[in-house]
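The next block holds one structure in the form of structure tokens; read it before the comments.
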Amino acid sequence: MNQFSLSGKHVLITGASSGIGRQCAVSCSESGATVTLVARNTDRLKETESQLNGCRHFSVAQDLSELDAIEDVVKSTVKKNGKIDGFIHAAGIEGTEPITLLNAIKYKSYFDINVLAGLEFSRFLTKKKYCNTSYASLVFIASVMGTLGQPGKIAYSASKGALVNAVKSMALEFAGKNIRVNSISPGIVLTPMTENLFASLDADSKQAIINMHPLGIGTVTDVANACIFLLSDAAKWITGTNLIIDGGYSAK
Amino acid sequence: MTKKEFIDLFVEELEIENTVVKPETQLNELEAWDSMGHMIVIGLVSENFDLKITASDLKALQSVDDLINKIGAEKFESE
Ligand SMILES: NC(=O)c1ccc[n+]([C@@H]2O[C@H](COP(=O)([O-])OP(=O)(O)OC[C@H]3O[C@@H](n4cnc5c(N)ncnc54)[C@H](OP(=O)(O)O)[C@@H]3O)[C@@H](O)[C@H]2O)c1
């Protein structure tokens, strides 16, 4: 069997209604996986579903900042499509806010969705009743901002850095169950999130950001392909790492 | 928010200490009117007026009054 295939695997993907999460869903389905999609917007989830290969896929519309609802999402997913082999946490929010405009409530809103929702999924997904523990794999979409900084990104960087490091401890904690845990740190990828960011910039600043990426800015498939690799059995000896995919941004 | 309250907030957030800021004050004369200052004002305007302005919008402005007009003078309460 092709080690890079996801055939027969069931993958749960948060943030599957847009951007990176949507492409992960499409690419995983093309690699043979059954996918369960989670995000808030029902119409956009339906649109993702319409792009999937195969037919057993299923969506759950849920606001993941309601952290108490996550166990039920996992439960209903397993009931519908069986135990989970893979997880991608691509739901996230981004913002450019200098510290003077930040406060505890705002930090918490970044952390709730970027970090805590992902960790709550881990809490349930790693239980034997919900997870196929031979070669299960969890992937968290962090960001290069989780290891590097930029003005205006204190809250976002803090949340992504938390994710990058939580992954290492999870990898150790779950190794005994054969569950691998890794993060992916993309540089700038063209998605609705970055279109928003670019819309607020003048042409020069936009070009400056593009120029920071030696290979240019990325596409959603660049990230989705790496997710497939980490979810596949080809990556069965990879855990606790942070895979940087940034067209060379952080090599400088 | 009145125009005066907005100017007070502008002064507070940009930490302007040695200049009395008035509607006719020239933005480029303020030391705090740099890229961090722009980022702060973009955030202030977004939070208080639910309006997205860009750094290039801000760079095109001359005076504090221009900023108020960019936001829309009608959006301010009368004093
Ligand atoms: N694009 C980039 O350049 C880039 C770079 C580095 C890292 N990343 C990270 O990659 C991830 C995906 O980013 P993207 O660019 O694809 O962003 P996007 O297009 O804005 O998609 C974000 C996704 O998160 C979901 N989401 C947000 N808040 C949610 C909530 N409260 N409950 C449930 N779902 C929620 C959204 O779904 P609904 O709105 O339907 O709920 C959407 O599906 C994020 O974690 C982001 O930080 C992106």
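The values are calculated or read from the model by the stated rules, or taken from the named source; none is laboratory data. From a predicted model like this one, the values you see are computed outputs, not experimental measurements. All Cβ positions, even for glycine, are placed from backbone atoms using ideal geometry, and neighbour counts span all protein chains on display. Each accessible area value is taken on the protein alone, full model and side chains, heavy atoms only, with ligands, DNA and RNA left out. Shrake-Rupley method; radii C 1.70, N 1.55, O 1.52, S 1.80 Å.
Every residue, every condition in (1) touching a residue at least 60 places away in the same chain (Cβ under 8 Å); (2) not in a helix (DSSP H, G or I), yes or no:
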{"position": "A:4", "(1), (2)": "yes, yes"}
{"position": "A:7", "(1), (2)": "no, yes"}
{"position": "A:22", "(1), (2)": "yes, no"}
{"position": "A:37", "(1), (2)": "no, yes"}
{"position": "A:87", "(1), (2)": "yes, yes"}
{"position": "A:95", "(1), (2)": "yes, yes"}
{"position": "A:100", "(1), (2)": "no, no"}
{"position": "A:114", "(1), (2)": "no, no"}
{"position": "A:118", "(1), (2)": "yes, no"}
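Restricting to region A:152-210, count the residues that are part of a strand (DSSP E or B) and over 22 Å from residue A:18 (Cα atoms).
Adding up the residues that qualify gives 3.
Please go through (1) of a type in the set (Gly, Ala, Ser); (2) in a helix (DSSP H, G or I); (3) on the phi > 0 side of the Ramachandran plot for residue A:216 and return the number of the only condition it doesn't satisfy.
Failing condition for residue A:216: (2).
Residues in region A:96-112 that are within 13 Å of residue A:142 (Cα to Cα) and within 12 Å of chain B (Cβ to nearest Cβ): how many?
Here the count works out to 0.
Name every residue in region B:62-79 that is open to solvent by less than 50 Å² (accessible area, probe 1.4 Å) and over 10 Å from the mean Cα position of the chain (by Cα), in order of residue number.
Answer for region B:62-79, where residues must be open to solvent by less than 50 Å² (accessible area, probe 1.4 Å) and over 10 Å from the mean Cα position of the chain (by Cα): B:72, B:73, B:76.
Looking at (1) modelled with pLDDT under 95; (2) not in a loop (DSSP other than H, G, I, E, B), which one does residue A:45 not meet, given that it meets all the others?
(1)
Would you be able to say whether some residue in region A:53-62 is away from every other protein chain (no Cβ under 14 Å) and in a helix (DSSP H, G or I)?
Looking for residues that are away from every other protein chain (no Cβ under 14 Å) and in a helix (DSSP H, G or I), one finds none in region A:53-62, hence no.
Yes or no: residue A:115 more than 14 Å from every other protein chain (Cβ to nearest Cβ), at pLDDT 95 or above, under 27 Å from residue A:102 (Cβ atoms) and within 12 Å of the ligand (Cβ to nearest atom)?
Considered against the rule, which asks whether it is more than 14 Å from every other protein chain (Cβ to nearest Cβ), at pLDDT 95 or above, under 27 Å from residue A:102 (Cβ atoms) and within 12 Å of the ligand (Cβ to nearest atom), residue A:115 comes out as yes.
When the residues of region A:219-252 are narrowed to those that are in a loop (DSSP other than H, G, I, E, B) and of a type in the set (Gly, Ala, Ser), which ends up nearest to residue A:193 (Cα to Cα)?
Only one residue tops the list, namely A:247.
Which condition number does residue B:36 fail, the rest of (1) part of a helix (DSSP H, G or I); (2) away from chain A (no Cβ under 11 Å); (3) open to solvent by less than 80 Å² (accessible area, probe 1.4 Å) being met?
(2)
Within region B:66-76, can one find any residue that is among the hydrophobic types (A, V, I, L, M, F, W, C) and more than 15 Å from residue B:7 (Cα to Cα)?
no
Open to solvent by less than 50 Å² (accessible area, probe 1.4 Å), within 14 Å of chain B (Cβ to nearest Cβ) and either touching a residue at least 12 places away in the same chain (Cβ under 8 Å) or under 21 Å from residue A:114 (Cα atoms) (or both): does that describe residue A:231?
Judged against the criteria, residue A:231 is not a match.
Of the residues A:70, A:141, A:88, which single one is within 15 Å of the ligand (Cβ to nearest atom) and closer than 30 Å to residue B:39 by Cβ?
A:141
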